[in-house]
Amino acid sequence: MLIRTILIAGAFALAVVPAQAQSVDKAPPGGAYKKVSELVKLPDFLPGMGTLYVDPKTLPAGPFLAYDHDGRLASTIYMIPVEDIQGQKTFDNLKAAGGNVDHVDMYYNAGHPGVEKPHYHIVLWHVSKADEARVAK
């Protein structure tokens with residue numbers, strides 16, 4: 001199971017393709033994206049993630065766009081249900097809305113408003129490891 005999870009995370013990193021439809025460098029991104037805190041009961045800013053936007057039609061996986069306190073894009077996040085990973089579901093042509101990806105993190109979440117089922121956060125960071133502090137608190 002762990003090997004499969006690691007392979008999936010690697011596939012996300014390799015499958016990253018910049019989004020072409022609109023500029024999302026600054027919040028709000030516009031288009032079909034909505035602020036997550038206006039869709040479900042969550043704070044506007046989530047420490048460690050930032051201010052999140054998502055196209056509701058893409059739930060639960062996303063992509064979620066995560067912005068720092070200054071409205072600058074920090075990461076693109078996918079929230080992949082554990083049952084989809086265990087069921088070996090394929091996720092093709094995943095986009096990194098901010099273009100270049102500096103590094104990728106993957107961690108488990110037991111569920112929260114909007115994505116209640118246990119899932120993994122796949123975080124495609126558009127900033128350096130040191131700049132992750134922009135969304136730390």
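Using the Cβ of Arg134 as centre and a radius below 15 Å, the other residues enclosed give a net charge of -3, where K and R count +1 and D and E count -1. Scalar couplings 3J(HN,Hα) for the stretch 92-98, obtained by applying the Karplus form with A = 6.51, B = -1.76, C = 1.60 to θ = phi - 60°, are 9, 6, 5, 9, 9, 3, x Hz; x denotes Gly and Pro. Residues in the stretch 24-135 average 48 Å² of solvent-accessible surface per residue, probe 1.4 Å, ligands and nucleic acids excluded. The HN-Hα couplings worked out from phi for the stretch 85-90 by the Karplus form 6.51 cos²θ - 1.76 cosθ + 1.60 (θ = phi - 60°) are 5, 5, x, 6, 5, 8 Hz, whole numbers, x standing for Gly and Pro. Taking every alpha-carbon pair under 8 Å whose residues sit at least 6 apart, the stretch 24-135 reaches a relative contact order of 26 percent. Solvent-accessible area assigned to carbon and sulfur over the stretch 52-137 amounts to 50 percent, based on a 1.4 Å probe. Each peptide among 29-40, 120-131 gets the average number of other Cβ atoms lying within 10 Å of its residues, and from highest to lowest they stand as 120-131, 29-40.
Could you give the size of the charge dipole of the stretch 24-135 about its Cα centre, using +1 on the Cβ of each K and R and -1 on the Cβ of each D and E, expressed in debye and rounded to the nearest 20?
200
Residues His112, His69 ordered from highest to lowest accessible area at a 1.4 Å probe: His69, His112. Charge tally for Asp55 (other residues, Cβ to Cβ under 14 Å; Lys, Arg +1; Asp, Glu -1): +3.
Principal axis extents of the C-alpha atoms in the stretch 24-135 (largest first, rounded to whole Å): 38, 29, 24.
The values are calculated or read from the model by the stated rules, or taken from the named source; none is laboratory data. Nothing here was measured: the structure is a model prediction, and the numbers come from that model. Neighbour counts run over all protein chains shown; Cβ positions are idealised from the backbone, glycine included. Heads up: the accessible areas ignore ligands, DNA and RNA and are worked out on the full protein's heavy atoms, side chains in. Shrake-Rupley method; radii C 1.70, N 1.55, O 1.52, S 1.80 Å.
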